[in-house]
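The values are calculated or read from the model by the stated rules, or taken from the named source; none is laboratory data. Note that the structure is a prediction, hence the values are computed from the model and not measured. Please note: Cβ atoms are built from the backbone with ideal geometry, for glycine as well, and neighbour counts cover all protein chains shown.
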Ligand code: FES
């Protein structure tokens with residue numbers, strides 16, 4: 001039989017563990033706080049997911065759709081909701097190619113490096129685009145205008161080498177044609193605002 005005081009002390013211990021848990025298990029950023037944008041996503045959408053491990057992938061997908069990528073704090077918020085270690089959520093996310101961990105640029109250039117495209121020069125094409133943008137595949141330009149990615153096949157092999165700019169398929173591209181495409185990509189913070197020539201792709205190229 002339990003002593004009268006034992007329940008009180010175990011409740012206290014439980015409360016203390018719960019209060020300490022987010023910080024102790026790394027569920028929050030500095031000081032246990034999460035990025036405000038992530039907290040907003042969690043409050044409006046994330047919190048509605050069932051608190052079970054089967055929610056990991058649906059929550060990761062929802063966070064990426066809402067935020068454009070998966071910041072570390074989004075994975076921490078998911079871990080906090082599901083009461084699992086953040087490393088588990090990060091491990092699941094890193095297993096799937098569908099998830100992005102860097103903030104995307106306003107425009108996405110995706111180069112196909114599959115066999116049909118590769119034999120028609122997409123390897124050199126990707127090298128030249130990387131040199132033009134001064135970033136590697138998987139990175140975003142410093143002005144946030146362009147993200148560069150590669151894929152193994154778009155399923156449009158007859159059009160090789162294929163590059164996709166946002167949702168537009170560009171067929172039979174060359175280094176010369178892609179240089180023009182990159183120079184024509186609009187820059188600036190948002191649609192409708194004047195073009196900032198200091199950060200335009202053309203200006204980026206001129207500063208080489
Ligand atoms: S290999 Fe490039 S579209 Fe199929």
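Taken together, the residues in region 141-164 that are in contact with a helix residue (DSSP H, G or I) (Cβ under 9 Å, 6 or more places away or on another chain) and away from the ligand (no atom under 15 Å from the Cβ) amount to 7.
Any idea which residue in region 125-155 is surrounded by the most Cβ atoms within 10 Å (Cβ to Cβ), counting only those that are without any contact (Cβ under 8 Å) to a residue 24 or more places away in the chain and within 16 Å of residue 113 (Cα to Cα)? It comes out as 130.
What helices (runs of 4 or more DSSP H) completely inside region 27-136 contain at least 1 residues that are touching a strand residue (DSSP E or B) at 6+ places or on another chain (Cβ under 9 Å)?
Values: elements: 36-44, 56-67, 72-82, 86-95, 115-118, 122-133.
Here the list reads 115-118, 122-133.
Residues considered: 164, 176, 181, 111. Of these, the only one that is exposed (fewer than 15 other Cβ atoms within 10 Å of the Cβ) and modelled with pLDDT of 95 or more is 176. The residue that is farthest from the ligand (Cβ to nearest atom), counting only those in region 114-135 that are closer than 15 Å to residue 165 by Cα and within 22 Å of the chain's Cα centre (by Cα), is 133.
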